[in-house]
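Asker: Take a look at this one; I'll ask things after.
The values are calculated or read from the model by the stated rules, or taken from the named source; none is laboratory data. A quick note: this is a predicted structure, and the numbers were derived from the prediction, not measured. Every residue, glycine as well, gets a Cβ built from its backbone with ideal geometry; the counts of neighbours run over all protein chains shown. All accessible areas refer to the heavy atoms of the entire protein, side chains included, with ligands and DNA or RNA removed. Shrake-Rupley method; radii C 1.70, N 1.55, O 1.52, S 1.80 Å.
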Amino acid sequence: MAVHAGGAGGDDLGMENRITTARVSTRGAWRVAALLLAAAVALGACGDVVPSGVPAGTASAPPAPSGSASSPVPGATPTLTPGPTASHSGEPQPTMTPTATATPTERATPTAAPPPTARPTPRPTARPTPRPTATPAPSAAPSRAVRNGSRKTNDVALTFDMGGRVGDSVAIMTWLAEHRVHATVFMTGAMADSTATDAGRRVLAIVDAHPDLFTLGNHSYSHPDFRTISAAAMATELRRAETAIARHCAQDPRPFFRPPYGGYNSAVLAGVGAAGYRWTVLWDIDTIDWRPVKNDPPGPTADQIVAKVVGGAKGGSIVLMHLGGYETFKALPRVVAGLADAGLDLVTLDEMLGG
């Protein structure tokens, strides 16, 4: 019995000793934990990295961001968070995890946006109101009839009509070109278009080749008396002649017009002027070379032509001859020489009257 009681007492004592030992162990564990906690706080404050080999459950600093220093986030406060790591006593131990306290970010004071600039609303561009067109003036002033140029000059203009007989026309033009004699040619459109002869076209070719020597004028297309036709018919005659001439010569016959038969009146001057012909060219010396010698009345001989022209010409004279004249080619060399001997200069109508 005693042995049994003693055994029981021994058991109680052993149990008490174990409890005491457990308390001591628990206290020791808490002391170790406290020491570790203090060390972790110290290390967190200093920013030291916990060396490898520190027992699990100790605090470790968070890794520094790539490319930056390993210093802790300013204002970080370590907190105890229960972790899975067990101590030597087998109880869960607190794990030190630093919690970053967010540093207040300095916010820029918002700058007030400038008030929107008022843009003027585009107004439709006003189209100018067309002004009433003034009553158009006449297309041209009436043509001016002239029989001579200025008497204050020594200029004389030899003019040659071509509209009927061909005669020595090409020979006359060739001679004038070879001797550098200035002259003016009035040709009909029908002569330029003639299918019976090419004389008119050959004359135009010589004029075209020597624009410095020759001036062209319009002698109508079919040689009618302009006093007997309408203004519309006048315009047609003039335009048809221009077209025919233009096929063979670059010169424009405007502004010179010679009326067939020398016939004109105020209506003719108005119609011709409207067509762009400033000058209606007449003459003060008429050789009448278009009439043959054997005629009744007879036409002039070459000697008579020379005497009439050289004896009657003076400054500003306009001489009428024909490329198809009967005695014209025979008289021409002596006419030119006689005028030169008299101190007179042979010019074109361009040079005498201007354009």
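Asker: Going Cα to Cα from Lys294, which lysines come in below 18 Å? Please leave out same-chain ones fewer than 8 positions away.
Answerer: In chain and number order, the partners are Lys330.
Asker: Expressed as cubic angstrom per residue, what is the convex hull volume of the alpha carbon set of the stretch 140-210? Let's see the in-between values first.
Answerer: Values: hull volume 9.9 nm³, N = 71.
About 139 Å³ per residue, rounded to a whole number.
Asker: For Leu346, list long-range residues whose amide hydrogen, built 1.01 Å from N in the peptide plane, is under 5 Å from its own amide hydrogen.
Answerer: Counting only residues 5 or more places away or on other chains, the set is Val156.
Asker: What is the stretch 254-355 by shape, rounded, prolate or oblate, if you read a ≥ b ≥ c off the alpha carbon gyration tensor as root eigenvalues and call it rounded for a/c under 1.5, prolate for a/b larger than b/c, and oblate otherwise?
Answerer: oblate
Asker: Rounded to whole Å and ordered largest first, report the semi-axes of the equivalent ellipsoid of the stretch 183-303 derived from its Cα gyration tensor (root of 5λ). Mind dumping the intermediate values first?
Answerer: Details: eigenvalues 102, 83, 40 Å².
So the three semi-axes of the stretch 183-303 are 23, 20, 14 Å.
Asker: Next up: Quick one: Cα centre-to-centre distance for the stretch 173-201 and the stretch 306-325, in angstrom?
Answerer: After rounding, the separation between the Cα centres reads 18 Å.
Asker: Next question. List the lysines whose Cα sits under 17 Å from the Cα of Lys314, skipping any in the same chain fewer than 8 residues away.
Answerer: Lys152
Asker: Another one. Which order do peptides 181-190, 224-233 fall in by mean Cβ count within 10 Å, highest first? Spell out each step's value before the answer.
Answerer: Values: 181-190: 24.5, 224-233: 14.3.
The peptides rank, most packed first, as 181-190, 224-233.
Asker: Roll a 1.4 angstrom probe over the protein heavy atoms and tell me the percent of accessible area of the stretch 238-327 that is carbon or sulfur.
Answerer: Values: 1950 of 3710 Å².
Its accessible area is 53 percent carbon and sulfur atoms.
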